[in-house]
Ligand code: HEM
């Protein structure tokens, strides 16, 4: 299976189930909860969902409404360190479990999220024992 075939496989409903299962966990999360806009969680959910739909072969709503994704730039105002990245992945894995996609879809999505979440990191932990 190719990445761009995922939309045809799981449809609008698949992305909706995945991303709502992800965002359900945000408000109660000690690391991510405070980072996300509490007054506009629905909007945040829609932005991530629309981006992924376009990225995986569906309608390009995100790009039409918000322009080039420039994901790293859009995350620059949030301090994303290893702990934040790992927590984000943990919540996304829980959401992938809940969505229960077929194995090839699950595998491709998880691989994509792992790599992209790592590329979003823009902070290192404080190096208190640095030699230099
Ligand atoms: C696979 C990894 C990720 C993808 C594909 C992704 C994607 C996105 C997208 C498309 C947006 C909306 C940007 C906009 O249009 O303004 C967004 C917002 C955001 N992301 Fe990420 N992100 C990822 C990882 C992370 C990580 C690791 C963190 C923090 C640890 C994070 C925190 C946030 C926050 C706080 C927002 C603002 C919510 C909003 O108002 O939309 N993201 N992300």
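Some points to look at:
- The slack between residue 42 and residue 29, meaning 0.36 nm per residue of separation minus the straight C-alpha distance, is 3.0 nm.
- Added length on full extension, which subtracts the Cα-Cα distance from 0.36 nm per residue, residue 20 to residue 74: 17.3 nm
- Residue among 111, 82, 25 with the largest mean-square fluctuation in a Gaussian network model of the chain, springs linking Cα atoms under 10 Å: 111
- Calculated from the alpha-carbon coordinates, the chain shows an Rg and a Dmax of 15.5, 52 Å respectively.
- Value of relative contact order over the chain, rounded to a whole percent, pairs C-alpha under 8 Å and six or more apart: 31 percent
Read-outs throughout are calculated quantities, based only on the coordinates presented, and are distinct from any laboratory measurement. Because the structure is a prediction, the values reported are computed rather than measured.
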